[in-house]
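**Student:** I have a structure here, written as structure tokens, and I will follow up with some questions on it.
Any read-out appearing in this document is the output of simple, stated calculations on the displayed coordinates, not a laboratory observation. What you are looking at is a predicted structure, and each value in this text was computed from that prediction instead of being measured. With ideal geometry, Cβ positions are generated from the backbone for all residues, glycine too; neighbour counts draw on all protein chains shown.
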Amino acid sequence: MTSSSTSNTDSDTSRKSSLAALKGLLPFLRPYRRQFVLAGIALLFAAGATLAIPAAFKQMIDHGFGAASASAGSQNIEHVNAVFLALFGVAAVLAVATAARFFMVSWLGERVVADVRAAVYRHVVHQSPEFFETTRTGEVLSRLTTDTTLIQTVVGTSISLALRNTLLFAGGLVMLFVTSPKLTAIILGLLVLVVLPIVLFGRRVRKLSRDSQDRIADASALAGEILNAMPTVQSFTHEGIEAGRFGASVEGAFQTAIRRIHARATLTMLAIVLVFGAIVFVLWLGAHAVLEGTMTGGDLGQFILYASIVAGSVGALSEVMGEAQRAAGATERLLELLASRSDIQDPAHPRPLPPRTANGARVTLDDVSFSYPSRLDAAALSHLKLDIAAGETVALVGPSGAGKTTLFQLLLRFYDPQAGAIRLDGIDIRDLALHTLRGAIGIVPQDTVIFASSALENIRYGRPEASDEEVIAAAKMAAAHEFIERLPQGYGSFLGERGVRLSGGQRQRIAIARALLKNPPLLLLDEATSALDAESERLVQRALEAAMVGRTTIIIAHRLATVQRADRIIVLDEGRVVESGTHASLVAHGGVYANLAALQFQGHAPLERQAS
């Protein structure tokens, strides 16, 4: 009893969620009410013309062929001619109305899907890094392509077909009652047998459709991950293994799709057998009625045509229902994506930053504690207090996992701390609009991102309105001008996806030029020279020293040779500040920094630190 009740509840919930999912498309449909009205008018004309055709055939049979006297022959010929002329006029109306309906609904499908794709992408790019900790890029791409294509089918085809066939069903049913109430009552009883399997199988098709889309998304995510890591895959000779993994994922998607196709094929087979079985049975009854003289031949012909229209509309509605079930699953997935909300939002009333000073920005961390959402039991930063003066160059050093990169992510407000506050020029960064905050910060990340465009556009990404001369000046400051000039098309050279046509050091210098072009008051350098050879490092270091003038700079570096000239060196360990001072004072102190310096500059650690 309990299991049955649970099953019914799950079924009701599934049906409700299907309706709710399709209702979620209404905000995207509302702006195009006029197009819907025009499509509806065309639809009414097309349905009316279709329903007029059987009546014309009745007139032709009864009045054109039914007269027995020879004297009425010429009159019958004129009547037949008039009927066929009217029939051609109906066909012309049907053709124009159908073409207009097709154009309008196809336009609506393309327009709405374009809006949905833009809305989903716009929503995704505003998500915080926490979102991408749990959502794979390939899955998002699958939702943007495959799922929206299913929605396009519904909006651009299925809705129109559903309305058209609903009108034909209703109109045909009315005309069936007008023609023969008795036969119509019989055929309606038989139609119940058609509707029942459609409803039962429709639920199964919907569930299988969602499963199928999930498997496709999994395969896309896997392919995207591997294609973005091909050098690693090939260097470990895992081509066969990864091809096998993708093949297994595709095979899983195929098997799920086959179950969906099997369910829809069964549904279609049952619908056709039952519908045409009902038609044959009713035709048999009608034929007997004509022989008995209770019906005319024209009435029977009209009834057959209207019955065919009704039966065809039921069959078409079953197909549309299958498509709608698939689209409902796709819509659910897209609505889930649109429903996700980033914890990082602009404040209701953002404050402006004070006017920029000649020295850059002041940065203050007031008792900041933070744990990543996926690792709440491990503190990345613990009660961190730090005050960086405007124009100061501060280096962050410490072992891996000490919290250095985390501090950068908090400064950019990719995350908010669980306790404490971060201030930029005395204003809590949570009171600043995200664009204001991030517009004041330039960053050169450790993992350099190069876009699949030209060198000029990659550097201009730092400030889209910058002129070509400003871009070239930034490249010169970052010691990138010479190697860019040597590229086949110079600054117009295509750098390849993820910058595959450049060396690691060249990619890093492009990223530095991008940050320098932005000209922010606060500059964050995360291992900015880690991928450079000795000569390039010397050039870039000199450029960075010039770029640090007039701005506050925070540097993360494991290579201590790059931070010896910093105004202050902050040593982090387990999310806390353990030491602070200049290179000379920290070496003399003999603590954590002295141990790191001994490892790098002398090749061994002091004995007193080995125990720790």
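**Student:** Can you compute the modelled spin-label distance between TRP284 and ASP428, with each label point 7 Å from Cα toward Cβ, in nm?
**Tutor:** Calculated label separation equals 8.2 nm.
**Student:** Here's a follow-up. Provide the gained length on full extension for the span THR294 to LEU188, in nm with one decimal, where the gain is 0.36 nm per separating residue minus the Cα-Cα distance.
**Tutor:** Contour length minus the Cα-Cα distance gives 36.1 nm.
**Student:** Need the list of lysines near LYS385 for cross-linking: C-alpha distance under 22 angstrom, and skip anything on the same chain fewer than eight residues off.
**Tutor:** Output for LYS385: LYS404.
**Student:** I've got another one for you. Report the full-extension gain for the segment ALA339 to TYR121: residue separation times 0.36 nm, less the Cα-Cα distance, to one decimal in nm.
**Tutor:** Stretched fully, the ALA339-TYR121 segment lengthens by 77.2 nm.
**Student:** Hey, another quick one. Please state, rounded to one decimal and in Å, the Kirkwood hydrodynamic radius that the range 395-548 gives when every pair of distinct Cα atoms enters the mean of 1/r.
**Tutor:** Hydrodynamic radius (Kirkwood, Cα pairs) of the range 395-548 is 16.3 Å.
**Student:** For GLU469 and SER453, compute 0.36 nm times the residue count separating them, minus their Cα-Cα distance, and round to one decimal in nm.
**Tutor:** 3.9 nm
**Student:** Express the Stokes-Einstein translational diffusion coefficient of the range 22-339 in µm² s⁻¹, to the nearest whole number, given a Kirkwood radius over alpha-carbon pairs, 10 °C and a viscosity of 1.306 mPa s.
**Tutor:** D, rounded to a whole number, is 69 µm²/s.
**Student:** Among the lysines, which have Cα under 26 Å from the Cα of LYS23 when same-chain residues fewer than 8 positions away are ignored?
**Tutor:** LYS207
**Student:** A further question follows. Please compute the modelled spin-label separation between ALA584 and SER369, points set 7 Å along Cα→Cβ, answer in nm with one decimal.
**Tutor:** Spacing of the two 7 Å Cα→Cβ label points: 3.9 nm.
**Student:** Same structure, new question: Averaging sequence separations of C-alpha pairs under 8 Å and six or more residues apart, then dividing by the length of the chain, give the relative contact order as a whole percent.
**Tutor:** Relative CO of the chain lands at 14 percent.
**Student:** Just need the relative contact order of the range 445-519 here, percent rounded to a whole number, with Cα pairs under 8 Å and 6+ apart.
**Tutor:** 52
**Student:** Right, here's the next one. Pull up the cross-link candidates among the lysines for LYS518, meaning alpha carbon to alpha carbon under 16 Å and not fewer than 8 places away within one chain.
**Tutor:** LYS476
**Student:** Testing the spin-label approximation: label points 7 Å from Cα along Cα→Cβ at GLU251 and THR166. State their distance in nm.
**Tutor:** Label at GLU251, label at THR166, 4.4 nm between them.
**Student:** Grab the beta carbon distance between SER308 and VAL37, set R0 = 35 Å, and tell me the FRET efficiency rounded to 0.05.
**Tutor:** 0.70
**Student:** Expressed as a fraction of 2.2 N^0.38 Å, the rule-of-thumb size for a compact globular protein of N residues, what is the C-alpha radius of gyration of the chain?
**Tutor:** 1.43
**Student:** Given H placed 1.01 Å from N in the peptide plane, which residues other than close sequence neighbours of THR393 have an amide H under 5 Å from its amide H?
**Tutor:** THR553, ASP567, ARG568
**Student:** Let me ask you something else. Among LEU227, LEU396, rank each residue by its count of other Cβ atoms within 10 Å, from fewest to most, as a rough exposure measure.
**Tutor:** Result, fewest neighbours first: LEU227, LEU396.
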